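In what follows, a structure is listed as structure tokens, so that the remarks can point back to it.
The values are calculated or read from the model by the stated rules, or taken from the named source; none is laboratory data. Everything quoted here is computed from the prediction, not taken from an experiment. Backbone-built Cβ (ideal geometry, glycine too); neighbour counts: all protein chains shown.
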Amino acid sequence: MNDREGDTSSPTVLVVEDEAVIALALEGVLQREGFRIVAVVSRGETALEIAERERPDVVLMDIRLTGAVDGVTAGETIHGWGIPVVYLSAHSDRETAERIERAGAAAHLTKPCSPLLLARTLRSVLSTRRAGRGAGND
């Protein structure tokens, strides 16, 4: 189902990407892979608002965003709410990687990323999260 109000059994994803063409492509890939998109946003501030309100299963986060709040800063806050964050960025330098790690990243993928790798990574993150909850770590 392609609408955002559809199948509630599908894992939910908040996509945070400021490049419109990439955001549209990610949305399409994730929907084809069985994920339900709660929103696609381009600003860290908006990501924080939607993540707090919607509580998606996972957030797919770009690092460099428009606005005052970058992806790592937004992701760190979202991670603090117990929502896993998968970073997707063209930036893979040491400083960026260290910031992402300190922010509690569930995973870090480098653009461009194959649709298969993206879907597998999100499913792995969600599986790990479910396993942790099943062990009484809610």
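Can you find a residue that is more than 26 Å from residue 130 (Cα to Cα), surrounded by fewer than 20 Cβ atoms within 10 Å (Cβ to Cβ), β-branched (Val, Ile, Thr) and at pLDDT 95 or above anywhere in the range 29-46?
yes
Scanning for something over 18 Å from residue 105 (Cα atoms), modelled with pLDDT under 95, in contact with a helix residue (DSSP H, G or I) (Cβ under 8 Å, 6 or more places away or on another chain) and not aromatic (Phe, Trp, Tyr), does the range 7-16 turn up at least one residue? Full working, then the answer.
Step one: filter the range 7-16 for residues over 18 Å from residue 105 (Cα atoms), giving 7-11.
Retained after the next criterion (residues that are modelled with pLDDT under 95): 7-10.
Remaining after also requiring in contact with a helix residue (DSSP H, G or I) (Cβ under 8 Å, 6 or more places away or on another chain): none.
No, the range 7-16 contains no residue that is over 18 Å from residue 105 (Cα atoms), modelled with pLDDT under 95, in contact with a helix residue (DSSP H, G or I) (Cβ under 8 Å, 6 or more places away or on another chain) and not aromatic (Phe, Trp, Tyr).
Any idea which residue in the range 15-44 is farthest from the chain's Cα centre (by Cα), counting only those that are of a type in the set (Val, Ile, Thr) and under 15 Å from residue 90 (Cα atoms)?
Filtering the range 15-44 for residues of a type in the set (Val, Ile, Thr) gives 15-16, 21-22, 29, 37-38, 40-41.
Remaining after also requiring under 15 Å from residue 90 (Cα atoms): 16, 21-22.
Values: 16: 7, 21: 17, 22: 14 Å.
Out of the qualifying residues, it is 21.
Any residue at all in the range 118-135 that is in a strand (DSSP E or B) and at pLDDT 95 or above?
Checked against the condition, which is being in a strand (DSSP E or B) and at pLDDT 95 or above, the range 118-135 yields no hits at all.
Which numbered condition trips up residue 87, out of (1) more than 19 Å from residue 10 (Cβ to Cβ); (2) under 15 Å from the mean Cα position of the chain (by Cα); (3) not in a strand (DSSP E or B)?
(3)
Table: residues versus (1) among the aliphatic types (A, V, I, L, M); (2) in contact (Cβ under 8 Å) with a residue 40 or more places away in the chain.
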{"position": "58", "(1), (2)": "yes, yes"}
{"position": "67", "(1), (2)": "no, no"}
{"position": "77", "(1), (2)": "no, no"}
{"position": "82", "(1), (2)": "no, no"}
{"position": "85", "(1), (2)": "yes, no"}
{"position": "89", "(1), (2)": "no, no"}
{"position": "92", "(1), (2)": "no, no"}
{"position": "112", "(1), (2)": "no, no"}
{"position": "117", "(1), (2)": "yes, no"}
